1. In segment 136-152, how many residues are hydroxyl-bearing (Ser, Thr, Tyr) and either more than 25 Å from GLU182 (Cα to Cα) or modelled with pLDDT of 85 or more (or both)?
2. Does any residue of segment 32-44 turn out to be of a type outside the set (D, E, K, R), modelled with pLDDT of 80 or more, closer than 20 Å to SER79 by Cβ and in contact with a Leu (Cβ under 9 Å, 6 or more places away or on another chain)?
3. Restricting the search to segment 139-191, which residues are acidic (Asp, Glu) and surrounded by 20 or more Cβ atoms within 10 Å (Cβ to Cβ)?
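The values are calculated or read from the model by the stated rules, or taken from the named source; none is laboratory data. None of the values given here were measured: they were computed from a predicted structure. Note that each Cβ is placed from the backbone with ideal geometry, even for glycine, and that neighbours are counted across all protein chains shown.
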Amino acid sequence: MIPNSDQVTRLLRDWRDGESAALEELTPLVYDALCDIARRHMSAERSGHTLQATALVGEAYLRLVKVDLDWRDRGHFYSVAARMMRRILVDHSRNRLRSKRGGGITHFALDENFAPAASDAELMDLDDALTQLQGFDERKSQVVELVYFGGLTYEETAAALDISEATVDRELRLAKAWLYRELDKSSNKGY
């Protein structure tokens, strides 16, 4: 469960302003939340996946602590965290594909039970499409990242982005339609 918005935002701002004690107080709050998200996310992964939820969270957390950003609020934090988790999963898939020298692409369903790393090639296709989507509609891309890569619920996504759940639903439906179209184009090109 995502911690209280005001508490996380206050701690992020205190940390940004140089208060090291704020990071110590923030760490268990966000780390536990990121672990919950990663466990939900990784529970849907293919069996035998070599990346564990704790490793995903650990790597994302280490990157988050090192990043020098002007944290605006918890929505900004979780958006960056989801993007980092996505990058880690994509990098992991690229490395696996490189070592395997290929792999077939199968069709996958983008729904609430979507496993972002169902196959390495699928994840890379999805990453390419999300990067295109981000180029012209950042919010739709953020909603997809938070729901599918971050594992947040509609309610948590709405709170993190400071939008309504109805807006999350609308943005997600439009993003999914656009992503399906783009992924269909890719699969018809023989990739």
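1. 1
2. Looking through segment 32-44, at least one residue is of a type outside the set (D, E, K, R), modelled with pLDDT of 80 or more, closer than 20 Å to SER79 by Cβ and in contact with a Leu (Cβ under 9 Å, 6 or more places away or on another chain).
3. Residues satisfying the conditions are GLU145, GLU156, GLU171.
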